[in-house]
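Here the structure comes first, spelled out in structure tokens, and everything after it is commentary.
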Amino acid sequence: MNDRHPPTKETLLTTDVSVAADCIRSGGLVAFPTETVYGLGANALDSDAVARVFVAKGRPANNPLIVHVADFEGVRSLSSSVPEYAESFMEAFFPGPLTLVLPRDPKVPYGTTAGLETVAVRMPDHPMALALIQQSGVFVAAPSANRSGRPSPTAWEDVYEDLNGRIDVILKGKPTKYGLESTVVDCTGEFPMILRPGGVSLEDLLLVHSQTAYSTSAALAAKSPGTAHRHYQPNAQVILVDHSRSLNLPEDAAFIGFSGGETARLRFEAVDVADYAHHLFSFFRQCEKEGIRTIYCEKVAPFGMGRALMDRLERASS
Ligand code: TXA
Ligand code: MG
């Protein structure tokens with residue numbers, strides 16, 4: 001444990017980036033907004049600070065963290081070698097919802113990479129996140145700021161609900177733009193391989209590198225141990241339904257999708273896939289608060305952002 005930072009009692013809520021930056025620099029834990037979901041940040045090169053992130057979240061130690069940087073130099077500093085195609089992805093998509101898995105520079109502790117020889121790096125497209133990284137003067141390791149196994153937080157209130165009293169500071173921003181996490185791409189092989197679909201789609205990546213592909217499940221298990229864990233599960237049963245199916249909803253049911261489920265007690269009708277993704281996790285949390293027992297979710301076509309949305313829906317329903 002980090003003796004510069006005894007366990008937190010009261011979590012400070014603030015909009016002041018400099019307060020949050022001071023906290024990170026001195027080994028503390030700060031939740032902050034990004035364009036995808038809220039992250040729980042700590043100094044990525046401080047093993048003690050990073051260990052506290054795992055404790056606060058209840059996160060399995062074999063699930064590595066993404067390190068957040070404010071510029072391209074940060075990426076090059078954290079990795080022992082950045083392949084040309086990864087540089088092309090940076091040019092095209094940074095800052096943005098894309099995480100690159102690269103060979104680790106020796107200065108990145110194994111606590112951050114969960115013992116792996118690779119490090120995941122991303123540059124968030126959010127002014128508060130970038131200011132926090134710059135003002136703290138350190139690289140910021142940050143998983144999503146939820147208790148492990150819970151839906152990712154898309155508003156600061158969600159972070160408060162899960163982590164109040166377990167972390168030092170919540171940097172209050174607006175609800176996040178995407179609502180789903182970044183795309184994770186392995187850049188350690190000859191060709192880029194998607195480990196987790198997210199805000200940047202396969203179709204987007206193919207425009208930059210034509211041999212980008214989804215990983216096979218065997219490659220995924222080897223490259224990204226975290227994907228094996230329980231994820232995104234609300235305290236209600238999640239059932240995926242086809243668009244065409246007419247629903248006979250039980251009492252205490254909720255529905256999220258484009259059309260149908262008119263008799264649901266709680267219902268969110270999305271205008272498009274982005275709107276659906278944007279509201280999914282907050283809808284799950286709202287359903288929990290209202291005691292909903294079953295959540296019916298309409299399936300979407302697995303293209304573009306739809307692929308990431310289906311990935312989260314399938315995990316939530318498994
Ligand atoms: O949008 C996001 O990515 C958010 C915001 C806060 O940046 N962060 C996020 O972190 O979703 P987390 O910890 O919930 O998910 C990180 C994912 C996990 O699936 C983890 O296994 C994978 O990235 N990952 C991290 N480091 C890795 C590495 N070295 N190799 C392979 N996968 C890695
Ligand atoms: Mg997460």
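The values are calculated or read from the model by the stated rules, or taken from the named source; none is laboratory data. All values derive from a computational prediction rather than experimental measurement. Ideal geometry is used to build each Cβ from the backbone, glycine not excepted, and the neighbour counts take in all protein chains shown. To get the accessible areas, we keep the full protein, side chains included, count just its heavy atoms, and leave off ligands, DNA and RNA. Shrake-Rupley method; radii C 1.70, N 1.55, O 1.52, S 1.80 Å.
Under conditions of 37 °C and 0.692 mPa s, region 64-115 yields 286 µm² s⁻¹ as its translational diffusion coefficient, taking Rh as the Kirkwood radius over Cα pairs in the Stokes-Einstein equation.
Could you work out the percent of alpha carbon pairs in region 12-221 separated by over 33 Å, rounded to a whole number?
Considering region 12-221, 8 percent of its Cα-Cα pairs are separated by more than 33 Å.
Accessible surface computed residue by residue for region 237-317, with neighbouring protein chains in place and a 1.4 Å probe, gives 48 Å² per residue. A straight Cα-to-Cα reach below 24 Å connects residue 172 with the lysines 9, 57, 289, residues fewer than 8 places away in its own chain not being considered.
Residue ranges 119-129, 17-27 sort as 119-129, 17-27 when ordered by packing (mean number of other C-beta atoms within 10 Å per residue, highest first). Against the empirical curve 2.2 N^0.38 Å, the C-alpha radius of gyration of region 117-197 lands at a ratio of 1.24. Relative to the dominant Cα principal axis of the chain, helix 127-136 is inclined by about 30°.
Compactness check for region 237-317: Cα Rg over 2.2 N^0.38 Å is 0.98.
Evaluate the Debye formula for region 1-110 with equal point scatterers sitting on the alpha carbons, no solvent, and hand back log10 of I(q)/I(0) at q = 0.12, 0.20, 0.21 Å⁻¹, in q order, two decimals. Rounded to two decimals, the profile gives -0.48, -1.22, -1.30.
Taking 37 °C and 0.692 mPa s as conditions, region 8-50 diffuses translationally at an estimated 299 µm²/s according to Stokes-Einstein applied to its Kirkwood radius (Cα pairs). Across the chain, the mean sequence separation of Cα contacts (distance under 8 Å, 6 or more residues apart), normalised by length, yields a relative contact order of 20 percent.
Taking the Cα atoms only, what angle lies between the long axis of helix 273-289 and the longest principal axis of the chain, rounded to 10 degrees? Tilt relative to the chain: about 80 degrees. Charging the Cβ of each Asp and Glu at -1 and of each Lys and Arg at +1, and nothing else, the dipole of region 1-150 about its Cα centre rounds to 640 debye.
Here the Karplus curve 6.51 cos²θ - 1.76 cosθ + 1.60, taken at θ = phi - 60°, turns the phi angles of region 92-97 into couplings of 7, 10, 8, x, x, x Hz, with x standing for Gly and Pro. Calculated on the Cα set of region 50-175, radius of gyration then Dmax: 14.6, 44 Å.
In this rough spin-label picture, where each label sits 7 Å from Cα along the Cβ direction, the residue 62-residue 107 distance is 3.0 nm.
With 0.36 nm allotted per residue and the present C-alpha distance subtracted, the residue 13-residue 206 stretch has 65.4 nm of extension available.
Using a probe radius of 1.4 angstrom, the carbon and sulfur fraction of the accessible surface of region 237-317 is 46%. Each peptide in 136-147, 295-306 was scored by the mean count of other Cβ atoms within 10 Å over its residues; highest first, the order is 136-147, 295-306. Region 89-105 and region 241-270 have their alpha-carbon centroids 38 Å apart.
To put it simply, the accessible area of region 12-221 at a 1.4 Å probe is 54 percent carbon and sulfur. Helical runs (DSSP H, four residues minimum) scored at -39500 (n - 2.57) apiece and divided by the length of the chain put the mean residue ellipticity at 222 nm at -9500 deg cm²/dmol. Loop-located GluC sites (Glu not before Pro) in region 102-209 (DSSP state other than H, G, I, E, B) with a sparse environment of at most 16 neighbouring Cβ atoms within 10 Å: 117, 190.
Of interest is the spacing of the C-alpha centroids, which for region 125-195 and region 286-309 amounts to 21 Å.
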